[in-house]
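Step one of this worksheet: look at the structure below.
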Amino acid sequence: MLCFLTGEKGGVSVVGLNRRSALGLALAAGLAFGSPAQAQEFPSQTITLVVPFAAGGSTDLVARVIAEKMSGELGQNVIVENVGGAGGNLGADRVARAEPDGYTILMGTVATHALNPLILKTKPYDPVTDFTPVSLLVLVPNVLAVNPQLPVNTVQELIDLLKSKPGEYSYASSGNGTPLHLSGELFKSMTGVDMQHVPYKGSGPALTDVLANQVPIIFDNLPSSSGHMKSGTLKALGVTTVERAASFPDVPTIAETVPGYETYSWNALFAPKDTPADVVAKLNAAANKALTDETVKARMKDFSATIVGSTPEELGAHVKAELAKWEPIVKAANVQLD
């Protein structure tokens, strides 16, 4: 039998508790008051960083560098899981539907949060309302490159070759609806050339076929192609940004031949919607701290990636601005996918 005696100051004492009852009361108290303490202990287990593309591409490379440093900052492993397919939609949708506890986060891109929502007829998620922004990490140039066996050395020579043999050549990208696909379609639109698009589940498998000369042309993120460019197994014709990439100053911009041409990619961290603010704050702090690490800076420079780092609010504004920027480009390229 339980007897509760209330003291003068409202405290509660317990008389006549047997051992089992006392343990039960202690457990109940732990459940009642444990939640705030548990929230403060985030993270207490491994965090999964979903990369919505195959291994080997620039998003994967950036993710692995950041994940390693975030692990040290958070005191728990941050592991990368590649969930490729559907131009990044499969991985992004997985995170959108994940528990909002901070243990499943997304390495988002311009594809997952700007292009896919504009291109797809059926939209599995909303890029604004189904995610909690964490931090904008880096901006990444794209590059137009070819297998060395293709007899061209400049953007203009490629345009001339494609015009002389319309429909005979193909270009690879990391998938339908990705910024690399759009880079190719914008190039076709602005130059009047005719080449077929061959989509892959990420830059890694696309590069494999281009290096083997199965597909002679590729639009790729500069980081994932940079090693092949340096070794000579891939010939870079032009970067897609307005200015030349600092790590490859001898590679001209496409805009030097095709005025007005510009595309680029970016990488950012997102959590599912309704992720607690204190959890987001810890993820944000760890990510931004990782970007200040000298090793990370050096790796990003190798990739020609420009380090940004941001607040969650700044990333949220960036996503909305990207949607507004890409909408007229998508319409002009007349790209829509089921």
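Before moving on, here are some points about what is shown:
Table: residues versus (1) crowded, with 17+ Cβ neighbours inside 10 Å; (2) out of contact with any helix residue (DSSP H, G or I) (no Cβ under 8 Å at 6 or more places or on another chain); (3) in contact (Cβ under 8 Å) with a residue 12 or more places away in the chain.
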position: Ile159; (1), (2), (3): yes, no, yes
position: Ser173; (1), (2), (3): yes, no, yes
position: Asn176; (1), (2), (3): yes, no, yes
position: Ser183; (1), (2), (3): yes, yes, yes
position: Thr191; (1), (2), (3): yes, no, yes
position: Asp194; (1), (2), (3): no, no, yes
position: Ser203; (1), (2), (3): yes, no, yes
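- Scanning the range 71-116 for residues that are of a type in the set (A, V, I, L, M, F, W, C), more than 21 Å from Val279 (Cα to Cα) and in a helix (DSSP H, G or I) returns Ala86, Leu90, Val110, Ala111, Ala114, Leu115.
- Complete set of residues in the range 271-304 that are among the small types (Gly, Ala, Ser), outside any helix (DSSP H, G or I) and open to solvent by 10 Å² or more (accessible area, probe 1.4 Å): Ser304
- Test: residue in the range 173-180 that is among the hydrophobic types (A, V, I, L, M, F, W, C) and part of a strand (DSSP E or B): no
- Cβ-Cβ distances below 8 Å connect the following pairs, each with a first residue in the range 233-249 that is touching a residue at least 12 places away in the same chain (Cβ under 8 Å) and within 17 Å of Gly260 (Cα to Cα), a second residue that is among the charged types (D, E, K, R) and open to solvent by 10 Å² or more (accessible area, probe 1.4 Å), and a separation of six or more residues or different chains: Gly238/Glu256; Thr240/Glu262; Thr241/Glu262; Val242/Glu262.
- Some residue of the range 275-296 being in contact with a Phe, Trp or Tyr (Cβ under 9 Å, 6 or more places away or on another chain) and either closer than 24 Å to Gly177 by Cα or among the acidic types (Asp, Glu) (or both): yes
- Residue match in the range 313-322 (condition: of a type in the set (A, V, I, L, M), surrounded by 20 or more Cβ atoms within 10 Å (Cβ to Cβ) and modelled with pLDDT of 95 or more): yes
- Taken over the range 145-170, the residue count meeting the criterion of being of a type in the set (Gly, Ala, Ser) and more than 24 Å from Gly227 (Cα to Cα) is 2.
- Failed condition for Glu68, given (1) more than 30 Å from Lys123 (Cβ to Cβ); (2) in contact with a strand residue (DSSP E or B) (Cβ under 8 Å, 6 or more places away or on another chain); (3) assigned to a helix (DSSP H, G or I); (4) modelled with pLDDT under 95: (4)
- Qualifying residue in the range 297-308 (condition: more than 22 Å from Ser225 (Cβ to Cβ) and among the acidic types (Asp, Glu)): no
- Scanning the range 132-157 for residues that are open to solvent by 10 Å² or more (accessible area, probe 1.4 Å) and either of a type in the set (Ser, Thr, Tyr) or closer than 28 Å to Ser44 by Cα (or both) gives Thr132, Pro133, Leu136, Thr154.
- When Tyr261 is tested against (1) open to solvent by 10 Å² or more (accessible area, probe 1.4 Å); (2) in a loop (DSSP other than H, G, I, E, B), only condition (1) is not met.
- Any hit, the range 124-136, residues being in a loop (DSSP other than H, G, I, E, B) and either over 30 Å from Thr311 (Cα atoms) or at pLDDT below 95 (or both): yes
The values are calculated or read from the model by the stated rules, or taken from the named source; none is laboratory data. Keep in mind it's a predicted model, so treat the numbers as computed, not measured. In this analysis, Cβ positions are derived from the backbone assuming ideal geometry, glycine residues included, and neighbour counts consider all displayed protein chains. What goes into the accessible areas is simple: the full protein's heavy atoms, side chains included, and nothing from ligands, DNA or RNA. Shrake-Rupley method; radii C 1.70, N 1.55, O 1.52, S 1.80 Å.
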